[in-house]
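For reference, the structure discussed in these notes is given below.
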Amino acid sequence: MTRPNLHPDAANARYISFKDLDCDGNAKLVMNLIEEYTADPDQKSPFWDYFLGKRNPKSGPKPDDLFLIHANINQIRELFEECGDDDAQALLTWVEEACC
């Protein structure tokens, strides 16, 4: 994965405006990585089945990706660490600091 252009001042910019941060787009990138890694049988677990099921609930409102990431940030960080993906960890940190 190529690391996206994540401006280092973005975390401070959010206090002025979320304009040009593309929080939704970067959250989607994080979710795509989660889906990719949890498709690996070595990463399968009841938690990830539950987590991915929350994206498309059978009833009730559908949470956005940013909410799911924020609510489960530590589990996602652990997944990316276990997979050895430094770029994914950097993206997750940026999303956490700039958007959550």
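The values are calculated or read from the model by the stated rules, or taken from the named source; none is laboratory data. These figures come from a predicted structure and were not determined experimentally. Please note: Cβ atoms are built from the backbone with ideal geometry, for glycine as well, and neighbour counts cover all protein chains shown.
Would a scan of the range 28-36 turn up a residue that is more than 13 Å from the chain's Cα centre (by Cα), over 18 Å from Trp94 (Cβ atoms) and in a helix (DSSP H, G or I)? Outline the logic, then answer.
Here is the first cut: in the range 28-36, the residues more than 13 Å from the chain's Cα centre (by Cα) are none.
Looking for residues that are more than 13 Å from the chain's Cα centre (by Cα), over 18 Å from Trp94 (Cβ atoms) and in a helix (DSSP H, G or I), one finds none in the range 28-36, hence no.
Hey, among the residues in the range 63-100 that are among the charged types (D, E, K, R) and within 13 Å of Met31 (Cβ to Cβ), which one's modelled with the highest pLDDT? Quick ask: steps written out before the conclusion?
Taking the range 63-100 and keeping what is among the charged types (D, E, K, R), we get 64-65, 77-78, 81-82, 85-87, 96-97.
Pick out the ones that are also within 13 Å of Met31 (Cβ to Cβ) and you get 64-65.
Values: Asp64: 92, Asp65: 95.
Across the range 63-100, the extreme among qualifying residues is Asp65.
I'd like the residue in the range 12-56 that is in contact with a Ser or Thr (Cβ under 9 Å, 6 or more places away or on another chain) and not hydrophobic (A, V, I, L, M, F, W, C) and, out of all such residues, is modelled with the lowest pLDDT.
Lys44
Return yes when Leu52 is assigned to a helix (DSSP H, G or I) and within 17 Å of Asp22 (Cα to Cα) and no when it is not. Please lay out each step first, then the result.
Details: assigned to a helix (DSSP H, G or I): yes; within 17 Å of Asp22 (Cα to Cα): no.
Taking the combined requirement at face value, the residue does not satisfy it.
For the range 40-49, give me the residue count where each residue is loosely packed, with under 10 Cβ neighbours inside 10 Å and part of a loop (DSSP other than H, G, I, E, B). Talk me through it step by step, then tell me what you get.
Kept after step one, since they are loosely packed, with under 10 Cβ neighbours inside 10 Å, are these residues of the range 40-49: 40-42, 46.
Retained after the next criterion (residues that are part of a loop (DSSP other than H, G, I, E, B)): 40.
Result for the range 40-49: 1.
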